1. Of the residues Glu37, Glu20, which is surrounded by 12 or more Cβ atoms within 10 Å (Cβ to Cβ), among the charged types (D, E, K, R) and outside any strand (DSSP E or B)?
2. Identify, please: which residue in the stretch 1-48 is in contact (Cβ under 8 Å) with a residue 12 or more places away in the chain and aromatic (Phe, Trp, Tyr) and is, among those, nearest to Ser71 (Cα to Cα)?
3. When you check Ala31 against the structure, is it among the small types (Gly, Ala, Ser), farther than 18 Å from His124 by Cβ and open to solvent by 30 Å² or more (accessible area, probe 1.4 Å), yes or no?
4. When only residues in the stretch 1-25 that are under 13 Å from the mean Cα position of the chain (by Cα) and of a type in the set (A, V, I, L, M) count, which is farthest from Val88 (Cα to Cα)?
5. Which of the residues belonging to the stretch 71-98 are over 17 Å from Asn16 (Cα atoms), surrounded by fewer than 13 Cβ atoms within 10 Å (Cβ to Cβ) and either in contact with a Lys or Arg (Cβ under 6 Å, 6 or more places away or on another chain) or free of Cβ contacts under 8 Å to residues at least 60 places away in the same chain (or both)?
6. Taking the condition of being over 13 Å from Leu128 (Cα atoms), out of contact with any Gly (no Cβ under 9 Å at 6 or more places or on another chain) and open to solvent by 90 Å² or more (accessible area, probe 1.4 Å), how many residues in the stretch 99-109 meet it?
Amino acid sequence: MANVADIEFVDSQFFNALNEMFKGNIMPMEALWSHAEDVVYLGPSRDLFHVGWDAIDRDWLQQNEAQLGGSIQVLKRHITVSDNLATVHHIAEVSSQGGEDKISMRGTNVFRNEGGEWKLIAHHSDPLPYLDIPQ
């Protein structure tokens, strides 16, 4: 059974891969994901729900080509791990290129042990919904 530190490391690789993708390097993201047909990606964009590696890779390639710039940093992480599956829930901060604009995101990653290697099989993220409540 993997331990929390193993999963924290592989989850950190996801955020490293995002930061690389923001600069136009897709290779770390493609290496991190399982290439199975049961993988799922629910990103922060409207109507984004992809199932299967081919559909997910097409979306990541489009994001990579955009070279969005900026960066993402994990602020909080909670990990649950078993022999073959691990879930990671996050709060992260995304900074625009130049760092002027920042938004908070929440997300979940699910990893599966595939032949002794932890691969990403599901990612979901969305902006944190803040309510303006009158004082």
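1. Working: Glu37 fails: surrounded by 12 or more Cβ atoms within 10 Å (Cβ to Cβ).
It is Glu20.
2. Among those that are in contact (Cβ under 8 Å) with a residue 12 or more places away in the chain and aromatic (Phe, Trp, Tyr), it is Phe22.
3. Values: among the small types (Gly, Ala, Ser): yes; farther than 18 Å from His124 by Cβ: yes; open to solvent by 30 Å² or more (accessible area, probe 1.4 Å): yes.
It is true that Ala31 is among the small types (Gly, Ala, Ser), farther than 18 Å from His124 by Cβ and open to solvent by 30 Å² or more (accessible area, probe 1.4 Å).
4. Met21
5. Pass one, the stretch 71-98, residues over 17 Å from Asn16 (Cα atoms): 78-87, 98.
After this cut, where a residue has to be surrounded by fewer than 13 Cβ atoms within 10 Å (Cβ to Cβ) as well, the list is 78, 80, 82-84, 98.
Once the filter is applied, which keeps residues that are over 17 Å from Asn16 (Cα atoms), surrounded by fewer than 13 Cβ atoms within 10 Å (Cβ to Cβ) and either in contact with a Lys or Arg (Cβ under 6 Å, 6 or more places away or on another chain) or free of Cβ contacts under 8 Å to residues at least 60 places away in the same chain (or both), the stretch 71-98 yields His78, Thr80, Asn84, Gly98.
6. 1
Conditions (1) more than 11 Å from the chain's Cα centre (by Cα); (2) of a type outside the set (Gly, Ala, Ser); (3) at pLDDT below 90, marked per residue:
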{"position": "Ser45", "(1), (2), (3)": "yes, no, yes"}
{"position": "Gln63", "(1), (2), (3)": "yes, yes, yes"}
{"position": "Thr80", "(1), (2), (3)": "yes, yes, no"}
{"position": "Asn84", "(1), (2), (3)": "yes, yes, no"}
{"position": "Thr87", "(1), (2), (3)": "yes, yes, no"}
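The values are calculated or read from the model by the stated rules, or taken from the named source; none is laboratory data. The structure displayed is predicted, hence computed values, not measured ones. Quick reminder, even Gly has a Cβ in these numbers, built from the backbone with ideal geometry, and neighbours come from all protein chains shown. Note: accessible area is taken over every heavy atom of the protein model, side chains too, but ligands, DNA and RNA are not part of it. Shrake-Rupley method; radii C 1.70, N 1.55, O 1.52, S 1.80 Å.
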